[in-house]
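Below is one structure; the comments refer to it alone.
All of the numbers you see were taken from the coordinates with simple rules; none came from a lab. A quick note: this is a predicted structure, and the numbers were derived from the prediction, not measured. Every residue, glycine among them, receives a Cβ derived from its backbone with ideal geometry; neighbour counts consider all protein chains shown.
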Amino acid sequence: MEMKGVGCVECGCVLQGKRVCLRTVRESDLELIYRLMTDVSQKGEYWLIDIPAEPAFRRGFADRGFWHEHFGRLLITDHQDEGRVVGEIIYYRNADYRAGYEVGYQIFRRADRGKGYMSEALSLFSAFLFESKPIPRLQLTVVAGNESSRKVAEKCGYRYEGTLRKAAFLAGKYVDLELFGLLPDECPPLRL
């Protein structure tokens, strides 16, 4: 997978791959992103319900632009389609006693799923985090049965580490989460 690393000045990309650009959130994006994040009709069967209150969402941007030491959000855009926003990818500190970060991601519209956006975005984002932060690992969780998300994780080098039994509430019942981890030496570097 081609990973350039640096983005282009014209579109504001932080990280650029063959098809996707990852960029920071701009104030002009807030209305669109909030609408896409909260459009329940576009969520799949494995979506863990989490709708942020709009004032808190906007405060998160106003306070730090959705980027600080233990949390960051980048938009996934299709730079072959005029920078159209297709999803988001985040990192966060799951617990103070854990080393490294957890990664989360979503493609906003059903029509954009299965096109390779997330695999490229996760590869770029993982390499960027390892190269920019002194962390020993990244991890992510996938709802058991979500084969599409599991394939993305595995394609990007994340290894299955175990199952967190009945760790999330989904569609009226508790479900298992599969834990995947990635170490720095398992992650291809960015090519600058």
Helical contribution to [θ] at 222 nm, DSSP H n ≥ 4, -39,500 (n - 2.57), averaged over the chain, rounded to 500: -7000 deg cm²/dmol
Tell me, what is the FRET efficiency for THR163 and HIS70 to the nearest 0.05, using R0 = 25 angstrom and their Cβ-Cβ distance as r? 0.45
Tell me, rounded to the nearest percent, the portion of alpha carbon pairs in segment 18-126 spaced more than 24 Å apart. 23 percent
Please turn the phi angles of segment 81-92 into ³J(HN,Hα) values with the Karplus equation 6.51 cos²θ - 1.76 cosθ + 1.60 (θ = phi - 60°), one per residue in order, whole Hz, x for glycine and proline. 10, 6, x, 4, 6, 10, x, 9, 9, 10, 10, 7
So if the hydrodynamic radius of the chain is defined as the Kirkwood radius over C-alpha pairs, what does Stokes-Einstein give as its diffusion coefficient at 20 °C and 1.002 mPa s, in µm² per second? 125 µm²/s
What nm value, rounded to one decimal, do you get for the distance between GLN80 and LYS155 when each label is placed 7 Å out toward the C-beta? 1.3 nm
Sort the following peptides by mean Cβ neighbour count (other Cβ atoms within 10 Å, averaged over residues), highest first: 58-66, 166-174. 58-66, 166-174
Cα centroid separation - segment 57-89 against segment 91-120, whole Å: 12 Å
Taking R0 as 45 Å, what's the FRET efficiency between LYS133 and SER41 from their Cβ-Cβ distance, rounded to 0.05? 0.80
